[in-house]
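Colleague: First the structure, then my questions, so here it is.
The values are calculated or read from the model by the stated rules, or taken from the named source; none is laboratory data. Remember, predicted model here, so these are calculated numbers, not experimental data. Ideal geometry is used to build each Cβ from the backbone, glycine not excepted, and the neighbour counts take in all protein chains shown.
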Amino acid sequence: SQQGEEDPQALSIQEGENATMNCSYKTSINNLQWYRQNSGRGLVHLILIRSNEREKHSGRLRVTLDTSKKSSSLLITASRAADTASYFCATADNNNDMRFGAGTRLTVKP
Amino acid sequence: KAGVTQTPRYLIKTRGQQVTLSCSPISGHRSVSWYQQTPGQGLQFLFEYFSETQRNKGNFPGRFSGRQFSNSRSEMNVSTLELGDSALYLCASSLAGQGASPLHFGNGTRLTVT
């Protein structure tokens, strides 16, 4: 069963704009991870944020985590056409069981 | 370092047949997890193997089974195939195990059951 719920389900923006995707979850977590998937290919790990962290950066990516609201957000700044993909959040609980959300489909128009 | 390799890339089978999918993890990774991805259900966890032992299992019928060899390579078997088994099957390896460290995915095996 899925734990994380991404919002929005689909997002379409112009190149150069910022993209923000949100993830909500229900149970306590050990960490939360974000992955990207290009059509028909495997997922690529982007960022792992632990439950005691509030924010992490990696290049143009910024992830925040609010455990009191059981939510996380992924911000992609200055988006490029190559960022077009589906983005998934995945939660890992204290037993290291992982659950993936349904994903946000991001389209970046050149 | 070579990535996760899954074979075959595409597979077409008939209902009632069985299929074996293969996954070679990143060198040094002892954990291999398997996922089923479909448009309707999303990513569903099948099982995880760590050092040849099944460490965790999702909610799939017993027709879905797996194993891991001493070199960490893993195979997944589906017997008595059903139309609903059509999906992208993804394997992922990790250093410390699913949930504890990032997953590195292969490009999947696209299984079509007719």
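Colleague: Among the residues of the range A:70-96, how many are within 12 Å of chain B (Cβ to nearest Cβ) and either buried (at least 18 other Cβ atoms within 10 Å of the Cβ) or not acidic (Asp, Glu) (or both)?
Modeller: Selection size over the range A:70-96: 9.
Colleague: Considering A:Leu43, A:Leu65, A:Leu48, A:Leu32, which residue is over 25 Å from B:Trp34 (Cα atoms) and either surrounded by 17 or more Cβ atoms within 10 Å (Cβ to Cβ) or at pLDDT 95 or above (or both)?
Modeller: Every option except A:Leu65 fails the conditions.
Colleague: Sticking with this structure for a sec: Among the listed residues B:Gly42, B:Gly66, B:Gly58, identify the single one that is touching a Phe, Trp or Tyr at 6+ places or on another chain (Cβ under 8 Å) and surrounded by 22 or more Cβ atoms within 10 Å (Cβ to Cβ).
Modeller: Result: B:Gly66 is the single residue among B:Gly42, B:Gly66, B:Gly58 that is touching a Phe, Trp or Tyr at 6+ places or on another chain (Cβ under 8 Å) and surrounded by 22 or more Cβ atoms within 10 Å (Cβ to Cβ).
Colleague: Have a look at A:Lys26, A:Lys56 and point out the one that is modelled with pLDDT of 95 or more and either surrounded by 17 or more Cβ atoms within 10 Å (Cβ to Cβ) or over 15 Å from B:Leu43 (Cβ atoms) (or both).
Modeller: Only one candidate passes the filter, namely A:Lys56.
Colleague: Moving on. Checking the condition farther than 26 Å from A:Trp34 by Cβ, touching a residue at least 40 places away in the same chain (Cβ under 8 Å) and in contact with a strand residue (DSSP E or B) (Cβ under 6 Å, 6 or more places away or on another chain), which residue from B:Asn56, B:Asn77 passes?
Modeller: Every option except B:Asn77 fails the conditions.
Colleague: Out of all the residues in the range B:80-108, which are over 16 Å from B:Lys1 (Cα atoms), within 7 Å of chain A (Cβ to nearest Cβ) and assigned to a strand (DSSP E or B)?
Modeller: Passing the criteria: B:Leu90, B:Gln98.
Colleague: If you don't mind, another one. With the structure loaded, tell me whether B:Gln17 is out of contact with any helix residue (DSSP H, G or I) (no Cβ under 6 Å at 6 or more places or on another chain) and at pLDDT below 95 or whether it fails that test.
Modeller: So B:Gln17 fails the test.
Colleague: State all residues of the range B:15-41 that are polar (S, T, N, Q) and farther than 17 Å from B:Leu95 by Cα; if no residue qualifies, say none.
Modeller: B:Gln17, B:Gln18, B:Thr20, B:Ser22, B:Gln36, B:Gln37, B:Thr38, B:Gln41
Colleague: Looking at A:Asn18, A:Asn31, can you tell me which residue is in contact with a strand residue (DSSP E or B) (Cβ under 7 Å, 6 or more places away or on another chain), within 14 Å of chain B (Cβ to nearest Cβ) and either touching a residue at least 12 places away in the same chain (Cβ under 8 Å) or not charged (D, E, K, R) (or both)?
Modeller: Result: A:Asn31 is the single residue among A:Asn18, A:Asn31 that is in contact with a strand residue (DSSP E or B) (Cβ under 7 Å, 6 or more places away or on another chain), within 14 Å of chain B (Cβ to nearest Cβ) and either touching a residue at least 12 places away in the same chain (Cβ under 8 Å) or not charged (D, E, K, R) (or both).
Colleague: Which one of these is over 10 Å from the mean Cα position of the chain (by Cα), more than 9 Å from every other protein chain (Cβ to nearest Cβ) and of a type in the set (Asp, Glu): B:Glu52, B:Glu75?
Modeller: Every option except B:Glu52 fails the conditions.
Colleague: All but one of (1) farther than 20 Å from B:Asn107 by Cβ; (2) of a type in the set (Lys, Arg); (3) in contact with a Leu (Cβ under 8 Å, 6 or more places away or on another chain) hold for B:Arg55; state the number of the condition that does not hold.
Modeller: Exception for B:Arg55: condition (3).
Colleague: Of the residues A:Arg60, A:Arg54, which single one is among the basic types (Lys, Arg) and either within 11 Å of another protein chain (Cβ to nearest Cβ) or within 25 Å of A:Ser12 (Cβ to Cβ) (or both)?
Modeller: A:Arg60
Colleague: Within the set of pairs 6 or more residues apart or between chains, which connect a residue that is at negative phi inside the range A:88-110 to a residue that is of a type in the set (Lys, Arg) with Cβ atoms less than 7 Å apart?
Modeller: So the pair list comes out as A:Ala90/A:Arg99; A:Thr91/A:Arg99; A:Val108/A:Arg80.
Colleague: Go through the range B:61-79 and count every residue that is closer than 15 Å to B:Gln6 by Cα and among the hydroxyl-bearing types (Ser, Thr, Tyr).
Modeller: The qualifying residues number 2.
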